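The values are calculated or read from the model by the stated rules, or taken from the named source; none is laboratory data. Keep in mind the model is a prediction, meaning the values are calculated, not measured. All Cβ positions, glycine included, derive from the backbone under ideal geometry; neighbour counts span all protein chains shown. Surface areas here come from the heavy atoms of the whole protein model, side chains and all, with no ligands, DNA or RNA. Shrake-Rupley method; radii C 1.70, N 1.55, O 1.52, S 1.80 Å.
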Amino acid sequence: MELAKNLCIILLTGILTENFVLSKFLGICPFLGVSNKFSSSLGMGAAVTFVMMCASLVTYPIYYGLLVPLGIEYMNTIAFILVIAVFVQLVEMILKKYVPPLYNSLGVYLPLITTNCAVLGVTLLNLTEDYDLLESVVNAFGAGLGFMLAMLIFAGVRGRLAECNIPKALQGAPITLMAASVVSLAFIGFGGVVENIFGAV
C-alpha cells in the first residue's frame, strides 16, 4: 500500500506540481516550436514520453551497474545523452516509416529531443532523488505525461491567440511567452490537490 501511494505521488508530482516545462522550465524549445498544432503537440508529447521512459529504464542499470563500479560516475551525462540519442533515432525511424505526416510536421524538433534538457533532466533527477528502477520509470512516465499535457494545453491557447486581434508590438514571441507564463501560473494550484489527496508531498 505504501509503495502504491509513493508511486502515485511521484506520478502526479511529475505531471502537475513539478511539471518539467511549466515548473522547471526544461524542454522549452519544442514546447514553443511545435505547440502551434494539436496533432504535432500530441506526437511530440508521445515521442518525448517514450524516450523518457526508455532512457530511464536503461540509464539506471548503466549508472549503478557500470559507472559506479568503475568509479566514473562523472561520465553519467555523456553516457545518458548517448542512450537518449539511440532511442530518439529509433523514434525517428518509426515515425518516418509509419507516420510520415507527423514526422514532417515535427521537423527539426524531433532530432532535437536528443539534446532536450527535459529528457536528460529526468534521468539525472532519478539519481538525485535516489529513486529505484520502478520509481525512475514512473517518474519518467509522469514527466512525459506532464510534458504532453503542457503541450496540448498550450496548443489550445495558441489556437485561441491566433483568432485574437493582438497589438503589433506583442505579436509573435512576446504574446507566446506571456501566454506560457499564465499557463504555468495555473499549475501552481495543483500542489494543493496532491497534498489533499496524499498528505505531504
The Cα extents of the chain along the principal axes, largest first and rounded to whole Å, are 60, 45, 29
Rounded Å value of the spacing that divides the Cα centres of the stretch 2-17 and the stretch 100-162
17 Å
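Across the chain, where is the longest run that never hits GluC sites (Glu not before Pro) in a DSSP loop with at most 16 other C-beta atoms within 10 Å? Display every interim value, and only then the final one.
Working: sites that count: Glu129, Glu163.
Counting at most 16 other Cβ atoms within 10 Å as exposed, the longest clean stretch of the chain is 1-128.
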So with the 1.4 Å probe, I'd like the accessible area per residue for the chain, rounded to whole Å².
51 Å²
Helix 38-62 vs. the chain, principal-axis angle (Cα, 0 to 90°, nearest 10)
10 degrees
Most mobile of Gly33, Gly189, Gly142 in a GNM of the chain (Cα contacts under 10 Å)
Gly189
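Multiply the residue separation of Met93 and Ile188 by 0.36 nm, subtract the distance between their alpha-carbon atoms, and state the gained length in nm to one decimal.
Numbers: separation 95, 0.36 × 95 = 34.20 nm, distance 3.73 nm.
The span from Met93 to Ile188 would gain 30.5 nm if fully extended.
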Taking the Cα atoms of the stretch 96-138 alone, what are Rg (to one decimal) and Dmax (as a whole number) in Å?
14.6, 40
Once Leu42 and Ser181 are pulled to full extension, the length gained, defined as 0.36 nm per residue separation minus their Cα-Cα distance, is 48.0 nm
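Anything over 30 Å Cα to Cα? Flag those among Lys5/Lys96; Lys37/Lys97; Lys96/Lys168, in the order listed. Show your work: numbers first, answer last.
Details: Lys5/Lys96 39 Å; Lys37/Lys97 21 Å; Lys96/Lys168 38 Å.
Cα-Cα > 30 Å for Lys5/Lys96; Lys96/Lys168; rest within.
Under the definition of Cα pairs under 8 Å and six or more residues apart, what whole-number percent is the relative contact order of the stretch 1-149? Don't skip to the end; give the middle numbers.
Details: 174 pairs, mean separation 69.4, N = 149.
Relative contact order, the stretch 1-149: 47 percent.
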Helix-only estimate, please: 222 nm mean residue ellipticity of the chain, summing -39500 (n - 2.57) across DSSP H runs of length 4 or more and dividing by its residues, to the nearest 500.
-22500 deg cm²/dmol
